Amino acid sequence: MQHLKSAIAAFLSQLVLGLVRALGRLPLPVVRGVGTVMGCMLFVLALPRLRVVLVNLQLCFPQWTRRQRWSQALQTFVYFSQSWLDRGWLWEAPAQVLQQRLRRVGNWDALDQSGPVIILSPHFYGLDAAALAVSLRTTRQCTTIYTPQRNLLVDAWAARGRQRFGDVRLMTRYDGVKSIISLLRQDGLLFLLPDMNFGPEESIFVPFFGVSTATVPSLSRFARMGRARVIPLLARLTPQGYEINMLDAWEGFPTDDVTADTALMNLRLQSWIETMPAQYFWVHKRFKTRPPGEPAVY
C-alpha cells in the first residue's frame, strides 16, 4: 500500500510539473490569468493558510480595516500563484525570454565592483526572478542558501532551474558557516534570505512592524566574517514580468552590535514591504516563535 501511495504521489508531481512547464511556453498574460484563477481558488479552499495570512496582516497593519486585510489577503494568494506558475518559464524558457521579462532597475553596476558581496533578497514572491536576474548579469560565483523542498521531484527541478545560468552553487543551512564564508571571501556573491522564522535556536528577538519577532541574525554575522558589502535586491511582479531593483550598498554595516544590525534589517524590510504589501510572503508563519511568556498567535 505504501508503494502504491508513493507511486501515485510521484505521478501527480510529474503531472503538475508537466502542466507548469507547458503553461510556461504560453504568452505571459495567459500564465498570469491562470495564476489569478488559481489564487482565487486557494483563497477559498486553503483556509488554514488564509488564517495565517490574516493574522500576519492584523499584527503588521493594525490600522487597516477588515476589508483592507481581506482584499490584501486575496491579492497575496494571487501573487503567490502567479509567481509559482511563472517558474514554468523562469526555469525553462531561453535566456532571451528572461531578458525581455526581467527589467533591471537601480544600481546594478555595484555587482562589477570587486570584493565579497551579500545580496539581501527578502521573501517577496519574485525572489527566484531576482536570483536569475543576478546570474544572467554576472560571471562571479554566486552562493545561495536555500531550504530543500520535501517533494524530491520539485526540489530537483528547482535546483536545475536556479543553476542553469552563471556560476551558482546551492547550499543549505546545514552545510556549515565555514564553507559559506570561504566561498564569500573568494570574491563571491552570497544570495541571502534571512527573513524567515527558523525557530528560537537560530534567532534573536527584534522588532518587526512593532512586534517582537524571532529573526535570524545571519546578515550581520556573515557580513562581518566575510568582510562583505550588503546590497539589497527587491523583486516586484508587474504585468510585463518582474522589476528587479538593486539598491545601493549599505553604509556603516555591519556594526559591532548584532542585535542593532538585525533590528535595522527588519526596519528597512518593513519600509520595502509597505510599498508592495501583497507581494510579501505572508503565507509563512512569521510569528510562530514567540518570546518567553507570550501566547501563540496562530
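The values are calculated or read from the model by the stated rules, or taken from the named source; none is laboratory data. As the structure is a computational prediction, the values presented were derived from the model and not from experiment. Every residue, glycine among them, receives a Cβ derived from its backbone with ideal geometry; neighbour counts consider all protein chains shown.
Tell me, which residue of the range 73-103 that is out of contact with any helix residue (DSSP H, G or I) (no Cβ under 6 Å at 6 or more places or on another chain) and over 19 Å from Ala158 (Cα atoms) is surrounded by the fewest Cβ atoms within 10 Å (Cβ to Cβ)?
Restricting to residues being out of contact with any helix residue (DSSP H, G or I) (no Cβ under 6 Å at 6 or more places or on another chain) and over 19 Å from Ala158 (Cα atoms), the top hit is Gln96.
Applying the selection to the range 218-236, what residues are over 17 Å from the mean Cα position of the chain (by Cα) and not basic (Lys, Arg)? I'd like the intermediate steps shown before the answer.
Initially, the range 218-236 is screened for residues over 17 Å from the mean Cα position of the chain (by Cα), giving 220-229.
Within the range 218-236, Ser220, Phe222, Ala223, Met225, Gly226, Ala228 meet the criteria.
Looking only at the range 97-154, which residues are part of a loop (DSSP other than H, G, I, E, B), modelled with pLDDT of 95 or more and within 21 Å of Phe281 (Cβ to Cβ)?
Scanning the range 97-154 gives Ser121, Pro122, His123, Tyr125, Gly126.
If you scan the range 40-59, which residues turn out to be within 16 Å of Phe208 (Cα to Cα) and either hydroxyl-bearing (Ser, Thr, Tyr) or out of contact with any strand residue (DSSP E or B) (no Cβ under 7 Å at 6 or more places or on another chain) (or both)? Walk me through it before giving the result.
Initially, the range 40-59 is screened for residues within 16 Å of Phe208 (Cα to Cα), giving 53, 55-59.
Correct list: Val53, Val55, Asn56, Leu57, Gln58.
Condition first: under 18 Å from the mean Cα position of the chain (by Cα) and either surrounded by fewer than 18 Cβ atoms within 10 Å (Cβ to Cβ) or in a helix (DSSP H, G or I) (or both). Now tell me which residues in the range 157-168 satisfy that. Show your work before the answer.
To start, the set of residues in the range 157-168 that are under 18 Å from the mean Cα position of the chain (by Cα) comprises 157-163, 168.
Scanning the range 157-168 gives Trp157, Ala158, Ala159, Arg160, Gly161, Arg162, Gln163.
Can Leu184 be described as buried (at least 18 other Cβ atoms within 10 Å of the Cβ), in contact with a Cys (Cβ under 9 Å, 6 or more places away or on another chain) and over 30 Å from Gly293 (Cβ atoms)?
On the way: buried (at least 18 other Cβ atoms within 10 Å of the Cβ): yes; in contact with a Cys (Cβ under 9 Å, 6 or more places away or on another chain): no; over 30 Å from Gly293 (Cβ atoms): yes.
Considered against the rule, which asks whether it is buried (at least 18 other Cβ atoms within 10 Å of the Cβ), in contact with a Cys (Cβ under 9 Å, 6 or more places away or on another chain) and over 30 Å from Gly293 (Cβ atoms), Leu184 comes out as no.
Against the conditions (1) free of Cβ contacts under 8 Å to residues at least 24 places away in the same chain; (2) among the small types (Gly, Ala, Ser); (3) surrounded by 13 or more Cβ atoms within 10 Å (Cβ to Cβ), where does Gly176 fall short? Just the number, please.
(3)
Could you check how many residues of the range 141-196 are out of contact with any Lys or Arg (no Cβ under 9 Å at 6 or more places or on another chain) and under 14 Å from Val117 (Cα atoms)? Give the steps one after another, and end with the answer.
Going through the range 141-196, the residues out of contact with any Lys or Arg (no Cβ under 9 Å at 6 or more places or on another chain) turn out to be 148-156, 159-160, 162, 164-165, 169, 171-176, 178-182, 186, 190-194.
If we keep only those that are under 14 Å from Val117 (Cα atoms) too, we end up with 180-182, 186, 190-193.
Number satisfying all stated conditions: 8.
Conditions (1) closer than 23 Å to Arg137 by Cβ; (2) surrounded by 18 or more Cβ atoms within 10 Å (Cβ to Cβ), marked per residue:
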{"position": "Gln240", "(1), (2)": "yes, no"}
{"position": "Thr255", "(1), (2)": "no, no"}
{"position": "Ala260", "(1), (2)": "no, no"}
{"position": "Met265", "(1), (2)": "no, yes"}
{"position": "Ile273", "(1), (2)": "no, yes"}
{"position": "Gln279", "(1), (2)": "yes, yes"}
{"position": "Thr289", "(1), (2)": "no, yes"}
{"position": "Pro292", "(1), (2)": "no, no"}
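All but one of (1) more than 28 Å from Asp109 (Cα to Cα); (2) at pLDDT 95 or above; (3) part of a loop (DSSP other than H, G, I, E, B) hold for Pro292, so report the exception by its number.
Every listed condition holds for Pro292 apart from (2).
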